[in-house]
Amino acid sequence: MLNRKNSAKQIHERFDNICKSIAESLNMEFVESTWQKELRGFVITAFIDKLEGITLNDCEAFHRELLKKTQSFDYDFLEVSSLGADRPIKSRRDFERFAESPVEVKLFKKSDEKKTFIGIIKDYTDEYVEIEIDGQLKRFDHNNIALIKPYIDVESEVEGVELDQDFENVD
């Protein structure tokens, strides 16, 4: 006999398998789902991704297919979302995707008197991540990494972008 906890786990796995199937048919990657009770009701969010990034049309297409196949699930809101530009880098596939890219590493415990480092991913193993910082290689054990995410230098991204005059004179 299944207890409630096992039953919930099986329901989540069934939902995730449906998402994986839909993502594959739409040439996307299903990353994960979250199940949360919020003030507005019970919300299931499916996170999707693809190499060139997720568009609103991608979310809509995925959501449309997901609605057809999840009518038997008990939820108040069903959402589909991308992980965003600064998504956490978690899996081997993520590390391969972001290899040679700038990342921000946040640690649980300080290393060299710091908890945050910015560098280029150079290597990834089951034990550590190695990044290049100012020409030097530095290894971080997975058990000390709180978060790794792509580093987005906002200042260089907006450099040279001219603001509309209406925005320049806002008080």
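The values are calculated or read from the model by the stated rules, or taken from the named source; none is laboratory data. Remember, predicted model here, so these are calculated numbers, not experimental data. Don't worry about glycine lacking a Cβ; one is built from the backbone with ideal geometry, like all the others, and counts go over all protein chains shown. Keep in mind that these areas ignore ligands, DNA and RNA; they rest on the heavy atoms of the full protein, side chains included. Shrake-Rupley method; radii C 1.70, N 1.55, O 1.52, S 1.80 Å.
Ignoring GluC sites (Glu not before Pro) that are buried or in helix or strand per DSSP, and keeping those with at most 11 other beta carbon atoms within 10 Å, what is the longest stretch of the chain between them?
1-51
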Farthest towards the positive end of the dipole of the chain, among PHE15, LEU137, VAL80 and with Cβ unit charges of +1 on Lys and Arg and -1 on Asp and Glu, lies the Cα of PHE15
Amide H neighbours of ILE89 under 5 Å, at least 5 residues apart or on other chains, H built in the peptide plane: list them. ILE148, LYS149
Under the Karplus relation with 6.51, -1.76 and 1.60 and θ = phi - 60°, whole-Hz ³J(HN,Hα) for segment 138-149, x at Gly and Pro, equal 9, 9, 10, 5, 3, 5, 10, 8, 7, 7, 10, 8
Here are labelled values, (i) 1.06; (ii) 0.96; (iii) 1.10, and one is the computed Rg/Rh (Cα atoms, Kirkwood Rh) for what I pasted. Which one? (i)
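Please work out the FRET efficiency for the pair ARG87 and SER7, using the Cβ-Cβ distance as r and a Förster radius of 45 Å; give the result to the nearest 0.05. Write down the numbers at each step before the final one.
On the way: r = 30 Å, r/R0 = 0.67.
Approximately 0.90, to the nearest 0.05.
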Along the chain, longest interval not containing exposed trypsin sites (Lys or Arg not before Pro), exposed being DSSP loop plus at most 16 other Cβ atoms within 10 Å: 91-171
Treating only Lys and Arg (+1) and Asp and Glu (-1) as charged, each at its beta carbon, one finds that the chain has a dipole about its Cα centre, in Debye to the nearest 20, of 1540
With a 1.4 angstrom probe the carbon and sulfur portion of accessible area for the chain, in percent, totals 47
Where only protein heavy atoms count, and the probe is 1.4 Å, what is the accessible area per residue for the chain in Å²? 70
